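Heads up: the structure comes next, in C-alpha cells.
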Amino acid sequence: MGVTRRRFLTMAGVSAMGAVIFGGCRVPDREVLIQSPARLPEDLVTGIDNWYASTCHQCPAGCGILVRVMEGRAKKIEGNPDHPLNHDPVLHMSKTCARGQAGVQLLYHPDRIQGPMRRDRATGELLPISWEEARAELVGRLRELRDRGASDTVLVVTEPLRGHLGLLAREFVKAYGGQHMAFEALEETVLREAVKRVFDQDRLPDLDLANAEYVISFGSGFLETWLSPVRYGVAYGHLRQGREAKRGYFVQVEPRLSATGANADDWVYVKPGMEGLLALSMAYVIVSQGLGDQEASRLLTRGQGAQYLAAYRPQDVAGAIGTTPEKIEELALDFAAKRPSLAIGGGSAAAHTNGLFNLTAIYSLNYLVGSVGQRGGILFNPAPPVAGLPVAEGRVPFDRWQELTGRLASGKPRPVNLVVFRGANPVHSLPQALGFADALKNVPFIVSFSTMMDETAAMADLILPEHTYLEDWGDDLPEPGPGYEVVSYQQPVVRPFHNTHSFGDELIMVAKELGGSLAQAMPWNSFKEVLQAGARKLFELNRGSVTAPDFDSFWRGVLQRGGWWDTARRGLARPLPKPLPVREDPQFTAGEYHLLPFASISLTEGRGAALPWLQATPDPMTTAVWQTWAEISLEDARKLGVSEGDFLEITSSNGTSLEAPAYPNPAAPPGIIAMPLGQGHSSLGRYAENRGVNTFMLLQPATEKETKALAWAATRVTVRNTGRRSRISKFEGSVRVEALHEVEIVRVTKG
Amino acid sequence: MVQERPKHKWTMVVDIDRCSGCQACVVACQAENNITINEQRDFLQRRAKEWIRIERYWEAIDPSKPAEFPNVKARFIPIMCQQCDNAPCEPVCPVYATYHNNEGLNVQVYNRCVGTRYCANNCPYQVRFFNFWEPVWPESLRNQLNPDVTVRSRGIMEKCTFCVQRLSRARRTIEGRRGKRITDESMTEENLMPACVMACPTGALVFGDREDPKSRVNELLKEHDPRQAKSVAARGYRVLEDLTTEPNVVYLKKVDPHLKKVKAHA
C-alpha cells in the first residue's frame, strides 16, 4: 500500500496526539530548560543539503562550482574548492563572481521558454507543440534540403563551443554538409592572433599575476569581465597582500578609468588606440639604456638595438600617446627594474583598427624582462589532454558576419535556407549598421535552441528550448587554462524544471532520424555517452587528479571532483622573441567625441540582462543599476550644460542615434563618451525588456586591419543635449551617509 | 543536563588593499539571504536593500586641487553591519527586537520587530534596511529561496547577520554532531563561511572566531589591529571608531604608494 501525503499527515497527527496524552504525567525534561525566546527560525530548520560539483557557464571562463541542492531545488552556488581555475591555494576555497552567483536565477527565471514551440504561419503566433513534432519538423526540413542538394544552405550558429559539444557540432555539420559559425560579441580574435605571433601559441596563456612584482595592464579589464576574472581576482589578492613584506605594484593604462583601473597604484591615460605606441616607446627606453635582457633586446630589434626603435623616443611620441615623456620613462624603468614584471593587454586596446599592432607590441615587452614562461610572468597552457578536443569550435571573426549578412540579404552566392541558433544572440549584439536582423528575415526557416526568448529566438519559426547549464551534461576546457591540463565537467544538479531537452542530445537524435552517413558519423545514444567516451580516454591516461581501477569509479570520481586535471602536464614552450612591430595608428571616422563601449561587470555584453540580481548589481564606478547611461567628463558636461540625468542624444558617424542619461564622471577624460553594453533588449524576459539602450547599435562596423575582428572601440560620435532629463537609478545616495562623508545638500524651494 | 556551549566571538576583517570592488559579495549575499529583488523603483525611492554594499569614493590625488580628471582616483570600501559590541541600534529598540548575543553578534529578531525604524535611524553605518513592502517573487523564482533563512515580511527591519544560519549549521554539524571545535578549516570545508566571504575573489573579506587562537582573523589582528600591534605597518582601523561603537568588523587600510609624495593628510 502506498502511503499518500494526506494519509501520512493523518498518521503523524495521531501519533503526536498520543504523545500528548501519555506523556502528560510529568513535565518533559527539555521543558524545564528556559528556551531562549530570541531563537530565530534560523536556529530551527535542519534540512539536508546536497552539494554537486559542476562547471559555471555564465561566461566563457569555465570556473568550477558547487551547487547546493535541497529537496531537488538548486539554492546557492559556491566555488568548487578542488577546481584549479578559481581556486585560492592559501584560503583553500574557490571563488565566484557576481555573474556566477546569479546562475540559479537563470534556472528559475519566470520567463524561461517552457517547451518547444512552432510559429503558426497564419497568425505569426508561437504555439506549443511536442518534442516529437518539433524534431520531426526540423528533420523534415533538413532532409528535404539535403535531398535537394542544398545542405550547404544550412547554417548552425552557436557560441564558441569547447570540449565534446564542440566535437559533436563539428561532426554533425561535417556529416550533414552545412556550415558552423560561432558568434562572440566581444571577440578575442585579436588577442589569439597576438598570442600566436608573439609566443607561437594556439592557446591563450595563463597570467601569473599572483607572483609578479610589477604588472602593467593596457586596457584589459581583468578584474571585471576579461577572460577569467575570478582567477585574476584571486591572483590580484595575492599580488597585493599574499606575500610576506612584499606588495606587487599595478599600473593600468587606458583611455577611461575602468573598475579595474580604479584599483591601480598608477592609472595612466592614453589616447584611444595608442597603447601599442606607448609599449614601443617603453621598449625604446629599456633597450637604449641596456636594461633589457640582451638576447631578447637583440632579437626584438633585428640586432639593431635602440636604432630600430629610434622613432619612438618618449619626447617624440608622448604627445601622440597623450602622456608625458617623463611618465613613459618612469613606466619603462620600473617595468625593467621591478622584476618579475608582467605586461598584459586586451579589452579596448585590442578593439581598434590597429588592435593587433597594440597587442603584439604590448606582449613583446615581456621578453625584455625575461617574463616569458617564467614565474610571475606569462605561463603557457599545454594542448588539450585528448587530441582534437576543441577549445573554440567554429569561432569566426567579424568580417565573416559581414559576409554572411550580405549573403542573407542577396541570396548570393548561395542563399541560406535554414539557420539553427544556439547560445548566440547576434541580433542584439551585432552593430545595427550591419543590418543583420533585417537580412535574417530572408531566411525561410529559423530554429532556436535558446533557453530564454532573446532577440534572435524571437525571430525563430521553431523553438526547441535547451536545458540551462545546471540541468545538463557537459565538459569544458577552460580557456585560458591554469597552465596545466584541465577538463572540467558539468552535470545536471537538478531535474529539468521545464519541458526542455539537451542540445547535444537533440543533435544526436536529429542525426539518427536523418539516417545515412549522418547517423553513422554520430553513433551515440545521448550526449552523456559522448562525454563518457571522452572520459574513457582520460581514464586510460591513468594519471592526473583522478585515477581509478575501473572506468565507473573514474567517472564517479571526475563528477565528484568537478573535473580532471594533471598539474604535472604544464605548457613548457620557450618561444623566441620576434622583431617588434612597426608603429600603426588607429583609424577613426569623423565625430567630436570618441565612443568607448565597455562590458558591464554584471551584464557583460547582454547575456546577464535577464537576471534581476545582475540588473540590480551596481556598476562599481557609478553605482548605476537597471539602465544604460553615458559617462561624460566634467569639462565636456560644463561645455554642453549637462548635469546628471540630462538625456544626451548620441549620434554615431554612421547615422544611428541613441538617447541615454548623462553621468558626469569626475575621472572621465575630456572628449570621451563611455557607455556600458548589455541593455536595450527588445526581448529577453520581463527584467531585460525595454530597458536602457543597446550600445552595440551605435558601433561603426569597422574591423581590425589584419584579423578582421570587430573594432568596437573605433567609433566616433556627436553629442547633443536633448533638454529632457530623468533621475539615474543608482545605489549611491540610497543610504544616508552624512556620517561617512559629506552629503549633498538639496535645497527645497517653492514653485 | 545543560551543556556549556563553546565560546565564540565572530569577527570580520576587511582588507581594502585587496578589495577590487567587483560586487561578487553583494550578489552572493542576496542569493543566500532571500533579499527581495531590488527593482529600479527601489533604487529611485532609495529603498534598495544591500546588506553588504561597495561604497565608491572619489578622491583628489593632490587635495589642493579639485577632484577632476586627471587629478582623481576612486576608492572602494565594502560596508556591512559592523556587529558593534556597543551598538547604537540596540538601546533604542522599544521591543528588544535587536539585541546582543554572547557571540558578539548584533541580532535582529524578526518576530519581535514592530517596525519603528528607530534602530536604522540610530545606526551610524546605515546598514539597516526596512521592508517597505510585502516581499514578492515570481512563483518560479521562489524555488531558489534558502530554507534556512526567514523571508522578512512588510514592516520588518533587516540587516547583515554574518550569515547566522550558516553559523548555527556549523554549531549543529561541527560542534553538535561531530563534537569538534569550529575552526576556519572546518567552516571552509563545509561551505559555512558567510556567503560574501566564500565568494570574494580577492580574499578581501576574512571571517573567523576570535576565541580560536589559530584563526586567520586573529593572525591579521595581531599584525594590524592598533590595539594589539605597535608596528608602523599596522593597517587596521574600525570605521567611525571615535563613536565608541566597538565594531566587530576591522578594516585594513589601502596601501597607497603615492600618498607620501603629496602629504595628503598633512
Worksheet item: If we scan segment A:670-677, do we find a residue that is surrounded by fewer than 24 Cβ atoms within 10 Å (Cβ to Cβ), within 30 Å of A:PRO612 (Cα to Cα) and free of Cβ contacts under 8 Å to residues at least 40 places away in the same chain?
Response: no
Item to complete: Give just the number: which of (1) more than 26 Å from A:LYS705 (Cα to Cα); (2) buried (at least 24 other Cβ atoms within 10 Å of the Cβ) does A:GLY303 not satisfy?
Response: (2)
Worksheet item: What number of residues within segment A:617-638 are farther than 20 Å from A:ALA259 by Cβ and touching a strand residue (DSSP E or B) at 6+ places or on another chain (Cβ under 9 Å)?
Response: 3
Discussion item. Can you tell me which residue is farthest from the chain's Cα centre (by Cα) among those in segment A:613-637 that are among the polar types (S, T, N, Q) and more than 14 Å from B:CYS22 (Cα to Cα)?
Written reply: A:SER633
Discussion item. Under 9 Å between Cβ atoms, which residue pairs at least 6 apart in sequence (or on different chains) link something in segment A:421-447 that is acidic (Asp, Glu) with a partner that is surrounded by fewer than 18 Cβ atoms within 10 Å (Cβ to Cβ) and part of a helix (DSSP H, G or I)?
Written reply: A:ASP438/A:ALA409
Item to complete: Select from segment A:270-300 the residues that are assigned to a helix (DSSP H, G or I) and acidic (Asp, Glu) and write down the one among them that is surrounded by the fewest Cβ atoms within 10 Å (Cβ to Cβ).
Response: A:GLU295
Discussion item. One residue is enough: does segment A:90-105 have a residue meeting the conditions away from chain B (no Cβ under 14 Å) and crowded, with 20+ Cβ neighbours inside 10 Å?
Written reply: no
Item to complete: Output the helices (runs of 4 or more DSSP H) that fall wholly within segment A:303-381 and possess 2 or more residues being closer than 19 Å to A:ARG203 by Cα and touching a Gly at 6+ places or on another chain (Cβ under 6 Å), or say none.
Response: A:355-368
Worksheet item: Hey, does segment B:47-55 have a residue that's touching a Ser or Thr at 6+ places or on another chain (Cβ under 8 Å) and surrounded by fewer than 20 Cβ atoms within 10 Å (Cβ to Cβ)?
Response: yes
Worksheet, complete the sentence: Of (1) more than 23 Å from A:PRO272 (Cα to Cα); (2) not in a loop (DSSP other than H, G, I, E, B), A:ARG203 satisfies every one except (2)
Response to the item:
Residue hits (segment A:464-501; in a loop (DSSP other than H, G, I, E, B) and farther than 23 Å from A:ASP111 by Cα) are A:LEU477, A:PRO478, A:GLU479, A:PRO480, A:GLY481, A:PRO482, A:GLY483, A:GLN491
Discussion item. Please go through segment A:490-518 and give me each residue that is out of contact with any Gly (no Cβ under 7 Å at 6 or more places or on another chain) and surrounded by fewer than 15 Cβ atoms within 10 Å (Cβ to Cβ), ordered by number.
Written reply: A:GLY515, A:GLY516, A:SER517
Worksheet entry | Residue count for segment B:89-104, restricted to those that are in contact (Cβ under 8 Å) with a residue 12 or more places away in the chain and away from chain A (no Cβ under 11 Å) | 8
Item to complete: Return yes or no: is A:LEU257 assigned to a helix (DSSP H, G or I), aliphatic (A, V, I, L, M), crowded, with 23+ Cβ neighbours inside 10 Å and out of contact with any His (no Cβ under 7 Å at 6 or more places or on another chain)?
Response: no
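Which of the residues that make up segment A:627-648 are of a type outside the set (A, V, I, L, M) and either buried (at least 24 other Cβ atoms within 10 Å of the Cβ) or more than 9 Å from chain B (Cβ to nearest Cβ) (or both)?
Correct list: A:THR628, A:TRP629, A:GLU631, A:ASP636, A:ARG638, A:LYS639, A:GLY641, A:SER643, A:GLU644, A:GLY645, A:ASP646, A:PHE647.
Can you work out which of the residues in segment B:196-233 that are free of Cβ contacts under 8 Å to residues at least 24 places away in the same chain and not in a loop (DSSP other than H, G, I, E, B) is surrounded by the most Cβ atoms within 10 Å (Cβ to Cβ)?
It comes out as B:ASN218.
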Item to complete: Take segment A:424-433 and flag every residue that is surrounded by fewer than 22 Cβ atoms within 10 Å (Cβ to Cβ) and either modelled with pLDDT under 95 or more than 21 Å from A:ASN694 (Cα to Cα) (or both).
Response: A:GLN432, A:ALA433
Worksheet entry | Conditions (1) more than 9 Å from chain A (Cβ to nearest Cβ); (2) part of a loop (DSSP other than H, G, I, E, B); number of the one not met by B:ASN191 | (1)
Worksheet item: Given (1) polar (S, T, N, Q); (2) touching a strand residue (DSSP E or B) at 6+ places or on another chain (Cβ under 9 Å); (3) more than 14 Å from chain B (Cβ to nearest Cβ), where does A:GLN241 come up short, assuming only one miss?
Response: (3)
Discussion item. For the list (1) facing another protein chain (nearest Cβ under 7 Å); (2) assigned to a helix (DSSP H, G or I); (3) closer than 20 Å to B:TYR110 by Cα; (4) touching a Pro at 6+ places or on another chain (Cβ under 8 Å), I need the number of the one condition that B:GLN165 fails.
Written reply: (4)
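Taking segment B:142-175, which residues are hydrophobic (A, V, I, L, M, F, W, C) and free of Cβ contacts under 8 Å to residues at least 40 places away in the same chain?
Let us first name the residues in segment B:142-175 that are hydrophobic (A, V, I, L, M, F, W, C), namely B:145, B:149, B:151, B:156-157, B:160, B:162-164, B:167, B:170, B:174.
Once the filter is applied, which keeps residues that are hydrophobic (A, V, I, L, M, F, W, C) and free of Cβ contacts under 8 Å to residues at least 40 places away in the same chain, segment B:142-175 yields B:ALA170, B:ILE174.
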Practice prompt. Return the residue satisfying two criteria in turn: it lies in segment B:128-155 and is among the acidic types (Asp, Glu) and assigned to a loop (DSSP other than H, G, I, E, B), and of such residues it is farthest from the other protein chains (Cβ to nearest Cβ).
Written response: B:GLU134
Fill in: Residue that is nearest to A:ALA349 (Cα to Cα), among those in segment A:714-730 that are in contact with a Leu (Cβ under 6 Å, 6 or more places away or on another chain) and hydrophobic (A, V, I, L, M, F, W, C)
A:VAL717
Discussion item. I'm checking my understanding of the structure. Among residues of segment A:649-682 that are of a type in the set (A, V, I, L, M) and part of a loop (DSSP other than H, G, I, E, B), which one is farthest from the other protein chains (Cβ to nearest Cβ)?
Written reply: A:LEU677
Fill in: Odd one out for A:PRO620 among (1) more than 11 Å from chain B (Cβ to nearest Cβ); (2) surrounded by 23 or more Cβ atoms within 10 Å (Cβ to Cβ); (3) not in a helix (DSSP H, G or I)
(1)
Response to the item:
Just one listed residue, out of A:ARG170, A:ARG162, A:ARG197, is of a type outside the set (A, V, I, L, M, F, W, C) and within 18 Å of the chain's Cα centre (by Cα), and it is A:ARG162
Worksheet item: Only one residue in A:VAL372, A:VAL416 is surrounded by fewer than 24 Cβ atoms within 10 Å (Cβ to Cβ) and hydrophobic (A, V, I, L, M, F, W, C), so which one is that?
Response: A:VAL416
Fill in: Test for A:LEU127: is it more than 14 Å from every other protein chain (Cβ to nearest Cβ), in contact (Cβ under 8 Å) with a residue 12 or more places away in the chain and either part of a loop (DSSP other than H, G, I, E, B) or in contact with a strand residue (DSSP E or B) (Cβ under 9 Å, 6 or more places away or on another chain) (or both)
no
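The values are calculated or read from the model by the stated rules, or taken from the named source; none is laboratory data. Quick caveat, the model's predicted, so the values are computed rather than measured. Cβ coordinates were reconstructed from backbone atoms using ideal geometry, including for glycine residues, and neighbour counts include every protein chain displayed.
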